[in-house]
Each structure stands twice: as structure tokens, then as C-alpha cells.
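Take a look at the structure below.
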Amino acid sequence: MSHRTTVELVASAAEPSGFPAPSLPEVAVVGRSNVGKSSLINTLVAKDVAHTSRTPGRTRLLHWFRVKSAGHSFFLVDLPGYGYAEVPKGMRASWQPLIESYLNGRSTLRAVLLLLDIRRGVQEEELDFVPWLLDAGIDVVPVLTKADKLAKNKRAPVQARVRRELELRRVPLAVSALSADGIDELWRLMVATTR
Ligand code: GDP
């Protein structure tokens with residue numbers, strides 16, 4: 001995949017007025033801070049495009065990457081992370097309306113990749129957030145990150161449990177930015193979703 005793929009940051013926005021026009025199908029990526037989102041995005045596009053360290057106090061931005069592969073183009077949207085315990089309440093209050101206005105109003109949005117750390121599984125935020133996404137009619141693609149930290153035969157029970165706990169249609173994919181497990185499968189899914 002990678003040798004034919006180009007990726008370019010086309011926009012970063014802290015508020016809806018900065019969102020680019022909805023010109024291409026898009027897949028958004030969301031997860032708790034430290035879930036491995038930047039590493040996964042960088043691995044998917046085989047380029048160091050997502051910032052690998054984010055401090056809790058920094059401005060939360062949405063980033064649009066234009067991904068082009070074998071004549072097919074789509075936007076990969078990096079949504080700000082959530083769930084830092086040390087983040088002040090005001091930050092959480094600003095994250096929510098921004099993300100909600102994006103998720104509710106984005107006509108070109110095809111799916112949300114919901115990242116969960118395979119060793120942590122579902123936490124309180126996801127129990128809140130996922131039913132909201134499903135109610136909004138959004139296709140949730142659950143992705144378990146850092147799969148290399150769990151032996152292969154221990155992954156299936158976690159995949160089943162997460163699916164059950166979040167009442168999801170799809171079985172979560174187990175991926176690793178480190179070992180590249182599951183990356184090709186996730187890539188194919190993203191391309192198929194944006195076709
Ligand atoms: P983000 O905050 O969600 O963008 O997470 P990062 O991509 O910055 O990763 C957070 C931490 O998890 C870093 O220390 C990464 O090295 C580590 N990490 C990310 N992906 C993987 C993975 O697939 N396997 C392992 N073992 N560690 C990972």
C-alpha cells in the first residue's frame with residue numbers, strides 16, 4: 001500500500017468555521033489520549049504526519065489529511081483525543097461541542113474509527129460516546145490498538161467482550177503500529193468505506 005500512497009495535511013481547525021469544505025469521503029479517527037492514535041495514523045499512511053506527543057493543555061485541533069492511493073482519494077480526519085484525567089473540566093466542555101458539531105454535521109463522513117487500547121478495553125467515556133455515535137447513525141469501526149502487547153490467542157476474547165459491551169455490529173480489529181498486525185486489513189477497510 002505505502003509506496004503508492006501520498007498523504008498531505010490540508011487543514012487544521014479548532015472550530016467549525018475552520019473545517020474544510022466536505023469535498024471527499026472521510027474517515028475520522030478518535031480515541032483516548034495515549035491510545036496510540038498518532039502512531040496508528042503514521043503507520044497507516046507510512047509517513048510521520050501525525051504529531052506523536054500531545055500535551056493535555058494544548059489547543060485541541062481536528063486535522064484533515066488527504067490520502068491518495070492508486071487513484072482513490074479520501075480524507076483521514078484526526079480528531080482530538082479525550083479522557084485525560086488531568087484535563088480541566090473546561091477543556092472537556094470545549095471538546096464535546098466541537099466534536100459533536102463535526103460528527104453531527106459532516107455529510108461526507110463515512111465511518112469513525114474508534115480506538116481502544118487492547119489492554120484497557122472499554123472505559124467510561126466510550127460507554128457514553130459510542131451509544132451517542134450509534135444514535136447519530138454513524139458507522140463505528142472499533143479498533144483495538146497495541147495488539148502486540150497481548151498474545152495472539154488472548155486477543156479474540158477481548159475482541160468479543162468489547163463488541164458485546166458496546167453493542168457493536170462489527171467485531172473490533174486488533175492492530176499494532178509496532179508489529180503492523182492488522183494494518184493491511186484496516187487499510188482495506190478504510191479504502192472500501194470511502195469508495
Ligand atoms: P496518541 O496520544 O493516541 O496519539 O498515542 P501515541 O501514538 O503518541 O502513542 C502513545 C504511546 O503508546 C507511545 O509511547 C507509543 O510508543 C505507544 N504505542 C503506540 N502504538 C503502539 C503499538 O502498536 N504497540 C506498542 N507496544 N506501543 C504503542
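The values are calculated or read from the model by the stated rules, or taken from the named source; none is laboratory data. Computed from a prediction, not measured in an experiment: that's the story for all the values here. Heads up, the Cβs are rebuilt from the backbone with ideal geometry, glycines too, and the neighbour counts pull from every protein chain shown. Side chains are part of the model used for accessible areas, which takes the heavy atoms of the whole protein and leaves out ligands, DNA and RNA. Shrake-Rupley method; radii C 1.70, N 1.55, O 1.52, S 1.80 Å.
Miscellaneous remarks
- Cα gyration tensor, segment 131-195 - rounded (a/c under 1.5), prolate or oblate: oblate
- Charge tally around T193: other residues with Cβ under 10 Å, Lys/Arg +1 each, Asp/Glu -1 each, net +1.
- Surface per residue (accessible, 1.4 Å probe) for the chain, Å²: 49
- Computed over segment 106-180, relative contact order equals 36 percent, with contacts defined as Cα pairs under 8 Å that lie 6+ residues apart.
- Per-residue HN-Hα couplings for segment 19-34 [Karplus 6.51, -1.76, 1.60; θ = phi - 60°; Hz; x = Gly/Pro]: 5, x, 4, x, 9, 10, x, 9, 10, 9, 10, 9, x, 5, 4, 6
- Rel. contact order, % - alpha carbon contacts under 8 angstrom, at least six apart, the chain: 24
- Shape category assigned to segment 73-195 from the gyration tensor of Cα positions, a/c cut at 1.5: oblate
- The peptide list 27-35, 185-193, put in order of mean Cβ contacts within 10 Å with the highest first, becomes 27-35, 185-193.
- Number of Lys-Lys pairs in the chain with C-alpha atoms under 19 Å apart and a separation of 8 or more places or on different chains: 6.
- Percent accessible area from carbon and sulfur atoms, the chain, protein chains only, probe 1.4 Å: 49
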